[in-house]
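Q: Mind having a look at this structure? Questions to follow.
The values are calculated or read from the model by the stated rules, or taken from the named source; none is laboratory data. Since this is a predicted model, take the numbers as computed values, not measurements. All Cβ positions, even for glycine, are placed from backbone atoms using ideal geometry, and neighbour counts span all protein chains on display. The accessibility values were calculated without ligands, DNA or RNA, using every heavy atom of the protein model including side chains. Shrake-Rupley method; radii C 1.70, N 1.55, O 1.52, S 1.80 Å.
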Amino acid sequence: MTSKAPAIVILGQGSLATARRIQQRYPDALIHGLAGRVKGDRQYLEFGATLRELYQRDTPIIALCAAGIVIRTLAPLLLEKGAEPPVLAVAEDGSAVVPLLGGLGGVNGMARDIAAALHVAPAITTSGELRFGTCLLNPPSGYSLGDLEQGKRFVSDLLAGETVRVEGAAPWLDQAQLPQDAQARLAIRIDSAAGVPTADELRIYPRNVVIAVSAGATDISNLSVQALAQAGLAPQSLACLLAADSDMPRSELQQAASALGVPLRFVAANANVAQWLGDAMGQPVSLQVLDGVAIAVAEQPVDPQRIGRPRGRLAVIGLGPGAAELMVPAVRAELDRATDVLGYETYVRMAGPFRADQVQHCTDNREEMQRARHAFELAAEGRSVVVVSSGDPGVFAMAAAVLEALHESSDTRWHSVDLQILPGVSASLATAAQAGAPLGHDFCVMSLSDNLKPWSIIEKRLDLAAQADLALAFYNPISRSRPWQLGRALEIVAQHRTPQTPVVLGRDIGRPGQTLRVTTLGQLTPDQVDMRTMVLVGSSTTCMFPRAEGGDWVYTPRWYGNKPAG
Ligand code: SAH
């Protein structure tokens, strides 16, 4: 059963009202609207690509359009193994709800919920579900199905008229209309014992086993599998791996948990593994302590979310210049998994919208170190924190501040956080791409702000970089508190460049109202530039020529000196 928030996808204004009603049922769901047609919570440009991407990312899809369109769009993906999230088509006016895919992901349950919200009957077509009032192959969270193919045969036998016994505790089946008979040949068996199921059994495993990994243990995934076998327990009954807080940075633990397909949780631990394991579970358990691991079996399924805490994560991400298409997919995925988002308010807003469960911590642009420390504090609690920068986080932005905060800290909780820096398209590159290729050869990137470095260093670097005939990219070129610096910088550059040197000014590139202007060093004046502008100054070889649609192409050739043959 997937727990991700669904995406509600609409094509036009006519579906918005229905979409909002569905959103009331799923407050975490975002409405994705076709750009130019309807304004949802998020814009998309291409319906097919968007739907396929959501599907591949295992996001439940509620598409307000014809079922046929959804089927044709997703058809190429259906033969591939992999994610199969719930997919539903809902009539624009809310008059029909059709579950299409994701029977095992709970699509029929969603169809019932949405239909109830819209006061219509869902178009449920799954025979087993209709007959028994539940999908036997989709047990509730806390339980896992043994074998899907065998399960399908089992349900067919029941539909053909066979009766069934229930062995073990399956509270969710109490309401089901199963043809129960104590003498039946077929049995649904709910327990965590190991062993190959017989042909007459449908096995459902309660996830009631937790394995605690000791500090010195190696080859953890094999060790766990062996320990489960030795204890006579089915691997499917494993709910999570548990380790000591002090082991958080060990990457083998995460690898083992991924290999076993279970979450990894941490607790404050001492030498007595049996004791802390028992304490962490919070319910009566039986324990077996083996070499390197201890196994606890609880009476009830265990919710891993309630045991200890996860390893916190802190990702410093770059949004790119602004436009959603220029954000790298890894950053998009990171924003989706975030519990907390920190940053300068403008950038946090640009990264949104966020779900109701995601906390936004907006701060002033100048409080960078404070923001970095706050991010570590939150991540150390086990949260999934994102620090937002525009462009690339490593270019005059938050990544260095975050690393500086970590470097200065001796807090092991901070050093245990899973820290990731995810790149973005920096303003100089986004601006250059729009102008052509002004940075097509060696170039130098500088911030003209003297807030964090002496102006004398800036002058020296400008002088040397201009002398070295590098193309120049100026970030933070000017601001109200730094009015004269750009003029002085241009004077220095002019000592080494002709007035005809091409200059590119990109303002709010990738954002609404963007402007791109191509001029020359001789014509450039500081009043053409503000703090939202990127200034690119060419080298001696940078040239320009008119483009057919108007304006100019600017580029710096790849070669220097004599043009190579060919
Ligand atoms: N980390 C950012 C840069 C932050 S410094 C990046 O990699 O792009 C802020 C400066 O970047 C601004 O003063 C401006 O010069 C430039 N800048 C940022 N976004 C911009 C945009 N969309 N268009 C033009 N310049 C931009």
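Q: Can you give the translational diffusion coefficient of segment 313-425 in µm²/s, computed by Stokes-Einstein from the Kirkwood radius over Cα pairs at 20 °C and 1.002 mPa s? Please report the intermediate quantities before stating the final value.
A: Details: Rh = 13.5 Å.
It comes out at roughly 158 µm²/s.
Q: If you don't mind, there's one more thing I want to ask. Stokes-Einstein at 20 °C, 1.002 mPa s, Kirkwood radius from Cα pairs: D for segment 343-388 in µm² s⁻¹? Could you put the intermediate results ahead of the total?
A: Numbers: Rh = 11.1 Å.
Value of D from the Cα-based Kirkwood radius: 194 µm²/s.
Q: Using each residue's phi in segment 262-270, evaluate 6.51 cos²θ - 1.76 cosθ + 1.60 at θ = phi - 60° and report the 3J(HN,Hα) Karplus result to the nearest Hz, with x for Gly and Pro.
A: So the J values, rounded to whole Hz, are 10, x, 10, 10, 10, 9, 5, 10, 10.
Q: Counting DSSP beta bridges in segment 1-105, what percent are antiparallel, to the nearest 5? Don't skip to the answer; put the middle values down first.
A: Values: 4 of 17 bridges.
Of all bridge pairs located within segment 1-105, approximately 25 percent are antiparallel.
Q: Hey, what did the chain get for relative contact order, percent, Cα under 8 Å, at least 6 apart?
A: Values: 1141 pairs, mean separation 44.5, N = 566.
Relative CO of the chain lands at 8 percent.
Q: For the residue pair T515 and S127, what label-to-label distance in nm results when each label sits 7 Å from Cα along the Cα-to-beta-carbon direction?
A: For T515 paired with S127, the spin-label model returns 6.9 nm.
Q: Express as a percent, rounded to the nearest 5, the fraction of DSSP beta bridges in segment 143-206 (both residues included) that run antiparallel. Numbers along the way, then the final one.
A: Values: 3 of 12 bridges.
Roughly 25 percent of the DSSP beta bridges within segment 143-206 come out antiparallel.
Q: Can you give me the % of accessible surface on the chain that is carbon or sulfur? Probe 1.4 Å, all protein chains present, nothing else counted.
A: On the way: 13930 of 26780 Å².
Roughly 52 percent of what the probe reaches on the chain is carbon or sulfur.
Q: Using the Cβ atoms and a cut-off under 14 Å, what net charge is assigned to the surroundings of R131, where Lys and Arg are +1 and Asp and Glu are -1? Mind showing how you got there, number by number?
A: Details: positive: none; negative: E129, D157, E162.
Summing Lys/Arg as +1 and Asp/Glu as -1 gives -3.
Q: Apply the Karplus curve 6.51 cos²θ - 1.76 cosθ + 1.60, θ = phi - 60°, to the phi angles in segment 519-529 and return the couplings in whole Hz, x for Gly and Pro.
A: Here the 3J(HN,Hα) series is 9, 10, 4, x, 9, 6, 10, x, 6, 7, 10 Hz.
Q: Determine the relative contact order of segment 7-125: mean sequence separation of Cα pairs under 8 Å and six or more apart, normalised by residue count, in whole percent. Show your work: numbers first, answer last.
A: Details: 226 pairs, mean separation 25.8, N = 119.
Worked out over segment 7-125, it gives 22 percent.
Q: Just for the chain, what percent of DSSP beta bridges are antiparallel, to the closest 5? The partial results should precede the final answer.
A: On the way: 39 of 96 bridges.
Roughly 40 percent of the beta bridges in the chain run antiparallel, per DSSP.
Q: Expressed as a whole number of Å, what is the distance separating the alpha-carbon centroids of segment 258-310 and segment 476-500?
A: First find each Cα centre; the distance between them is then 63 Å.
Q: To continue, here is another question. With a cut-off of 8 Å between alpha carbons and a minimum separation of six or more residues, what is the relative contact order of segment 97-222 in percent? Working shown, then result.
A: On the way: 163 pairs, mean separation 25.4, N = 126.
Across segment 97-222, relative contact order equals 20 percent.
Q: Still on this model: Rolling a 1.4 angstrom probe over the protein chains, ignoring ligands and nucleic acids, what is the accessible area of H32 in square angstrom, nearest 10?
A: For H32, the solvent-accessible surface is approximately 20 Å².
Q: Kirkwood Rh over alpha-carbon pairs of the chain, then Stokes-Einstein at 4 °C and 1.567 mPa s: what D in µm² s⁻¹, rounded to an integer? Walk me through the intermediate numbers first.
A: On the way: Rh = 27.8 Å.
Taking Rh from Cα pairs, D becomes 47 µm²/s.
Q: Can you list the HN-Hα couplings for segment 468-480, worked out from phi with the Karplus curve (6.51, -1.76, 1.60; θ = phi - 60°), rounded to whole Hz and with x for Gly and Pro?
A: The phi angles translate into 6, 6, 7, 5, 10, 10, 9, 8, 6, x, 6, 7, 4 Hz.
Q: For every other residue with a beta carbon closer than 10 angstrom to the beta carbon of T59, add +1 if it is Lys or Arg and -1 if Asp or Glu, then tell me the sum. Intermediate values should be presented prior to the final figure.
A: Numbers: positive: K4, R57; negative: E53, D58, D336.
Around T59, the charge tally is -1.
Q: For the chain, what is the accessible area per residue in Å² when the probe is 1.4 Å? Kindly include the intermediate steps, with their values, before the conclusion.
A: Values: 26780 Å² over 566 residues.
Dividing the accessible area of the chain by its residue count gives 47 Å².
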